[in-house]
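Below is one structure; the comments refer to it alone.
The values are calculated or read from the model by the stated rules, or taken from the named source; none is laboratory data. Predicted, not measured: the structure shown is a model, and the values here were computed from it. For neighbour counting, all protein chains shown are included, and Cβ atoms are generated from backbone atoms with ideal geometry for every residue, glycine included.
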Amino acid sequence: MGFLANIIAGLVGSTLGQAIFGSWGPQMAGMAIVPSVLGAVILVLAISFATSGSLKNRHDLYKDFKNIDTNRYNIDTQKLDFSTAQFSPAELEKQNKDLVNHANDFLTDEDSGLPVFLEPEAVQLLSFLCRTPQQMRRFIGIILNAKYRVEKDHKDIGVLIPLDDEELKPLMTKALRRYFNALRSNEKHIKNVENYLYGTMQNLFGVWWNKQAAREYAAKHPNDERA
């Protein structure tokens, strides 16, 4: 009994005992309490103290979990925006240069499903002179407008200009070279380069169709001296 009493007395006077019993610790140390009873009381209180600490820790963990910033897991992906306002002049220059330099690769790619009416040679020529994709698009648009104009002006006789015609393609390339050569040779005399391009292509399409029509007429009327 004396040995157990000493252990109990030491426990009461320890830091743990002070935490459990507070100011009652010194008084209990001097009490003549049956050691087994006192031991049971101390054991129950110690377990209660330990359990309350665990619950508190558990509560703190739950609180911390609720305070976790979940915003970083719900980041809203920004929508794509490739407008010119999003880039510096230097970045735009690099982008335009790449697109223009490789226009020959994608503008004449038949697998892309787009109508291909210019030879790779012609597109390469445009890439040497057009500085931006917008300029190249406008240039090609003028060629298309010239085609539509010829067809509209002669729709009464059924004029159609198939730009993918294998005989017409090299003629368009040659016409474009003549056009740019004229610009370099008579730059001061050509006031509107777009109108000059429009007229050049309109004239080409008109001449080409007349030759095609004459060839077809001759095939159908071999005995006609006018053919």
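With respect to being part of a helix (DSSP H, G or I) and closer than 21 Å to residue 104 by Cβ, residue 204 falls outside the description.
The residue that is farthest from residue 176 (Cα to Cα), counting only those in the stretch 205-227 that are touching a His at 6+ places or on another chain (Cβ under 9 Å) and at pLDDT 80 or above, is 209.
Of the residues screened, residue 143 is one that is surrounded by 13 or more Cβ atoms within 10 Å (Cβ to Cβ), under 29 Å from residue 98 (Cα atoms), within 44 Å of the chain's Cα centre (by Cα) and at pLDDT 90 or above.
Please tell me if residue 143 is closer than 30 Å to residue 95 by Cα and of a type in the set (A, V, I, L, M, F, W, C).
When the stated conditions are applied, residue 143 passes them.
The set of residues from the stretch 120-159 being out of contact with any helix residue (DSSP H, G or I) (no Cβ under 8 Å at 6 or more places or on another chain) and assigned to a loop (DSSP other than H, G, I, E, B) comprises just one member, 158.
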